[in-house]
């Protein structure tokens with residue numbers, strides 16, 4: 001049975017940590033079907049915390065590698081949802 005894996009990625013100190021996150025996302029670009037980035041923005045503030053939702057594609061082994069590489073970055077927290085299809 002196939003699995004659909006969605007990763008939630010919270011990035012603290014967004015401006016400082018995003019380059020490392022982007023490098024990992026680029027490396028695993030063919031394993032990311034959809035990427036949605038969220039952070040709070042108002043007239044007076046641009047949040048330093050960001051949230052990414054990644055709808056993944058491909059072999060589970062590759063997705064777990066992606067998850068591990070993201071978790072290894074300081075200031076990044078990853079949570080996973082797995083849906084059996």
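Taken together, the values in this text are just the output of simple stated rules run on the coordinates, not laboratory data. All of these numbers come straight from a predicted model, not from anything done at the bench. Positions of Cβ are generated from backbone atoms using ideal geometry, with glycine treated the same way; all protein chains shown enter the neighbour counts.
Quick one: in the stretch 10-45, of everything that is within 11 Å of the chain's Cα centre (by Cα) and within 14 Å of residue 75 (Cβ to Cβ), which residue is surrounded by the most Cβ atoms within 10 Å (Cβ to Cβ)?
Top of the filtered list is 11.
Just give me the residues in the stretch 1-57 being out of contact with any strand residue (DSSP E or B) (no Cβ under 7 Å at 6 or more places or on another chain), outside any helix (DSSP H, G or I) and under 15 Å from residue 71 (Cβ atoms), in sequence order.
Within the stretch 1-57, just 28 meets the criteria.
Scan 49, 76 and give me the residue that is farther than 12 Å from residue 6 by Cβ, over 11 Å from the mean Cα position of the chain (by Cα) and in contact (Cβ under 8 Å) with a residue 24 or more places away in the chain.
Selected residue: 49, the only one of 49, 76 that is farther than 12 Å from residue 6 by Cβ, over 11 Å from the mean Cα position of the chain (by Cα) and in contact (Cβ under 8 Å) with a residue 24 or more places away in the chain.
Filter the stretch 1-28 for residues that are under 22 Å from residue 47 (Cα atoms) and free of Cβ contacts under 8 Å to residues at least 40 places away in the same chain and give the result.
Hits for the stretch 1-28 are 14, 15, 18, 19, 22, 23, 25.
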